[in-house]
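Since the structure comes first, as structure tokens, the remarks are kept for the end.
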Amino acid sequence: LFADSVNSQQAFLEFQANLEGKKVDLGKLLTAFNLKVAEQDTVQADAVRVDSLKTAVIQQQRRLTTLLKGRFATTIEDYNYQQIAGKNFSGQLDFSTNQIVIKGQTDIMEGSLDLDGRLYFFRDPSLEAKLTWEGVDIKTLFAQTNNFGQEVLTAKSISGTMSTKTMIYAFWDQQGNFRDDRLRVLSAVAIKDGSLTDFELMNQFSTFVNIKDLQNIKFTQ
């Protein structure tokens, strides 16, 4: 309320808060931050108008984050994002000068996940995140992520316990559009005590190996 356009008086909203929930739908929560254009405007508006509206919302969000200094200590018993479900999330969100630091731990897909991420609200927003997965059931992972949008290897054909360390670098433009071309993911993955069952791609090796041996391949790692 007391900050001008350049915040010349160094006004900040400082806070310490607890955010607790028994059940949270993250998909619905995130829609609160999306741009909404009235239905009648959607028909009439051209691309330039919609982009300008998006830019105004992003700029408003960016300015707000410059004025926040504080922490949300967060605990959630059960949560979901579309088909992905987890429980017992415990972590914190730290706000300071155009960035949010997210740290937390959760039980997910019969294993655990540690999250350490930074979301930057600059001219082009970006995200850096480190994910450490331990003991995740890979069949559940494929099922809840809709097989990562592909049909070559699916949940019905793979099983095992997965551990991985992953770095994610993601970017958005000034209108808040996700930049697929700039997405970078680095990951080291290990799967133990697993199997590949009726995996059609393995049929290409039937010239060298008995086809029955290829229908259920078990591995230790």
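The values are calculated or read from the model by the stated rules, or taken from the named source; none is laboratory data. Everything numeric in this text was worked out from a predicted model, so none of it was measured. Quick reminder, even Gly has a Cβ in these numbers, built from the backbone with ideal geometry, and neighbours come from all protein chains shown. Only protein heavy atoms, including side chains, enter the accessible area calculation; ligands, DNA and RNA are left aside. Shrake-Rupley method; radii C 1.70, N 1.55, O 1.52, S 1.80 Å.
Of the candidates D116, D51, D41, the single residue that is at pLDDT 95 or above, of a type in the set (D, E) and open to solvent by 30 Å² or more (accessible area, probe 1.4 Å) is D116. Taking D173 as meeting all but one of (1) open to solvent by less than 40 Å² (accessible area, probe 1.4 Å); (2) touching a residue at least 40 places away in the same chain (Cβ under 8 Å); (3) in contact with a strand residue (DSSP E or B) (Cβ under 9 Å, 6 or more places away or on another chain), write down the number of the exception. That leaves (3) as the condition not met. Tell me whether the range 56-63 contains one or more residues that are at pLDDT 90 or above and surrounded by 15 or more Cβ atoms within 10 Å (Cβ to Cβ). So far as the range 56-63 goes, no, none of its residues is at pLDDT 90 or above and surrounded by 15 or more Cβ atoms within 10 Å (Cβ to Cβ). Scanning the range 71-90 for residues that are under 13 Å from Q16 (Cβ atoms) and either open to solvent by 30 Å² or more (accessible area, probe 1.4 Å) or not in a strand (DSSP E or B) (or both) yields R71, F72, A73.
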